[in-house]
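Colleague: Right, I'll just put the structure down here and ask away after.
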Amino acid sequence: MDIDIVKRAINGENDAFLDIIHSYKVDLYKTAYAYLKNEDQALEAIQEVTFRAYQEICKLREPAYVKTWIIRMMMNYCVDLLKKNRRLVASDEFLDWQGELDDYSFLEIEEAMGKINENERQLLLLKYFHDLKIKDIALMLQVPEGTVKTRLYKSLKSLRSQIEVKGEWKSV
């Protein structure tokens with residue numbers, strides 16, 4: 001994302017804000033759907049987060065992290081919505097792999113993701129689904145980079161153990 005566009009959006013330029021939303025609409029949808037598992041709710045979440053982002057963009061301190069900021073806003077919205085509805089949901093982000101895999105490995109990964117705790121799942125989502133750098137994740141979570149690396153290692157270990165329990169892959 002061009003930093004100038006973000007700066008213009010921060011300064012109140014509506015077209016620049018729309019460019020940002022357009023650039024990240026797929027990421028927002030995937031995040032919302034991964035949490036909510038419902039297309040209608042995911043689309044509604046995009047509308048709500050777009051509105052909230054529009055209201056809050058003037059408070060964005062670092063334009064370079066606009067993607068991290070807006071994805072985090074979506075994640076927080078979805079978690080709040082799930083808490084409100086008192087439902088637990090597993091992440092579906094690996095369903096995108098369906099067309100790439102010859103077998104049903106994505107189902108095992110989805111099931112394993114549902115068995116690890118929310119913090120581990122969220123960290124794996126940020127790193128591998130949104131392809132965020134450890135530095136960006138550390139800024140988002142407000143923890144040192146070393147802490148992110150340690151938590152990521154433990155999260156992957158938990159995911160592997162869930163998959164290996166079923167006797168599935170050893171290469172996750």
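The values are calculated or read from the model by the stated rules, or taken from the named source; none is laboratory data. It should be emphasised that the depicted structure is a prediction, and the values quoted were computed from it without experimental measurement. Side chains are part of the model used for accessible areas, which takes the heavy atoms of the whole protein and leaves out ligands, DNA and RNA. Shrake-Rupley method; radii C 1.70, N 1.55, O 1.52, S 1.80 Å.
Colleague: Sort out which residues of region 130-156 are open to solvent by 100 Å² or more (accessible area, probe 1.4 Å), modelled with pLDDT under 90 and either part of a helix (DSSP H, G or I) or polar (S, T, N, Q) (or both), and write them in order of number. Explain how you work it out, then say what you get.
Modeller: At the first step, the residues of region 130-156 found to be open to solvent by 100 Å² or more (accessible area, probe 1.4 Å) are 131, 133, 135, 142, 149, 151, 153-154.
So of that shortlist, the ones also modelled with pLDDT under 90 come out as 131, 133, 135, 142.
Correct list: 135, 142.
Colleague: Run down 34, 16 and say which single residue is in a helix (DSSP H, G or I), open to solvent by less than 20 Å² (accessible area, probe 1.4 Å), at pLDDT 90 or above and small (Gly, Ala, Ser).
Modeller: Values: 34 fails: at pLDDT 90 or above.
The conditions single out 16.
Colleague: Would you check which residues across region 56-84 are farther than 15 Å from residue 32 by Cα and part of a helix (DSSP H, G or I) and list them? Steps first, please.
Modeller: Initial filter on region 56-84 (farther than 15 Å from residue 32 by Cα): 56-66, 84.
Selection gives 56, 57, 58, 59, 63, 64, 65, 66, 84.
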